[in-house]
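One structure below.
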Amino acid sequence: MFIEFIVIVAMYNPEGAISRLILATLASSDKCVSNIRITPLLILGNILTISGTSLRVRCYRTLGRFFTFELRIQSRHQLIKEGPYSVVRHPSYTALILTVLGAFTSHASGSWIVNCGLLKTPIGVSLAMIWVGVALAVIASLLLRIPREDDLLRKSFGIEWNLWARKVPYCLVPGIY
């Protein structure tokens, strides 16, 4: 949304030196500029991205020193059951998926990437394909990691984990999964 915002603001003062530089750099034609607009999908995408990012930061803070990228139990590890972990068992993964979906949704019709032809170039298509591939791989790895993480926590915390899992039965989305 940042690029869209800059281009839209520059369109309101196209004679200004900074606006001319912005439009010359980011807009391949007047048509592409006139088609850039704030759409419901852009707004939804940004809401998802901001929500996902905010939730992920909250998860990091809630876990504190127990947050790691690798799957392991630390010395004197505690089972975190409060904050977002009282709603679903893997809220950090929910947050990352929301962020990725938001970024994807933000780049729909009306966006700079669609309207200014980046997706019509071989480099643009290649970058988009790489981005989608990486995003799908990250989401798939999270979905595959959930049962392994639950098993590790179950083995490490026993009854405490079982009680928590009964109280918080969903992994990512309350009432769904």
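Could you put Trp112, Trp164, Trp131 in order, starting from the residue whose Cβ has the fewest other Cβ atoms within 10 Å?
Details: Trp112 24, Trp164 19, Trp131 14.
With the sparsest Cβ surroundings first, the list reads Trp131, Trp164, Trp112.
Taking a cut-off of 20 Å between Cα atoms, list the aspartates and glutamates near Lys81, but don't count ones fewer than 8 places away on the same chain.
Correct list for Lys81: Glu70, Glu149, Asp150, Asp151, Glu160.
Restricting attention to the chain, give the cysteines that have no other cysteine Cβ less than 4.7 angstrom from their Cβ.
By the Cβ distance rule, which asks for a partner under 4.7 Å, the isolated cysteines are Cys59, Cys171.
Only counting other Cβ atoms within 10 Å, I'd like His90, His77, His107 sorted with the fewest neighbours first.
Ranked by crowding around the Cβ, least crowded first: His77, His107, His90.
More than 23 angstrom separation, counting every C-alpha pair in the range 39-167; what % is that?
Values: 3601 of 8256 pairs.
More than 23 Å apart: 44 percent of the Cα pairs in the range 39-167.
Which angle from 0 to 90°, rounded to the nearest 10, does the C-alpha axis of helix 40-63 make with the longest principal axis of the chain?
The answer is roughly 30 degrees.
How many nm separate the modelled label positions at Asn35 and Ser54, each set 7 Å beyond the Cα in the direction of the Cβ?
Label at Asn35, label at Ser54, 3.3 nm between them.
Could you give the angle, 0 to 90 degrees to the nearest 10, between helix 2-11's Cα long axis and the longest principal axis of the Cα atoms of the chain?
Taking the Cα atoms of the chain, the angle to 2-11 is about 20 degrees.
When we measure straight from the Cα of Lys31, which lysines land under 28 angstrom away, once same-chain ones fewer than 8 places off are left out?
List returned: Lys120.
Please work out how much length the chain gains when fully extended from Leu152 to Lys120, using 0.36 nm per residue of separation minus the C-alpha to C-alpha distance, in nm with one decimal. Kindly include the intermediate steps, with their values, before the conclusion.
Numbers: separation 32, 0.36 × 32 = 11.52 nm, distance 4.62 nm.
Gain on stretching Leu152 to Lys120: 6.9 nm.
Every number in this text was worked out from the coordinates using simple rules, so none of it is lab data. For clarity, every value in this text was computed on a predicted model and none was experimentally measured. Cβ coordinates were reconstructed from backbone atoms using ideal geometry, including for glycine residues, and neighbour counts include every protein chain displayed.
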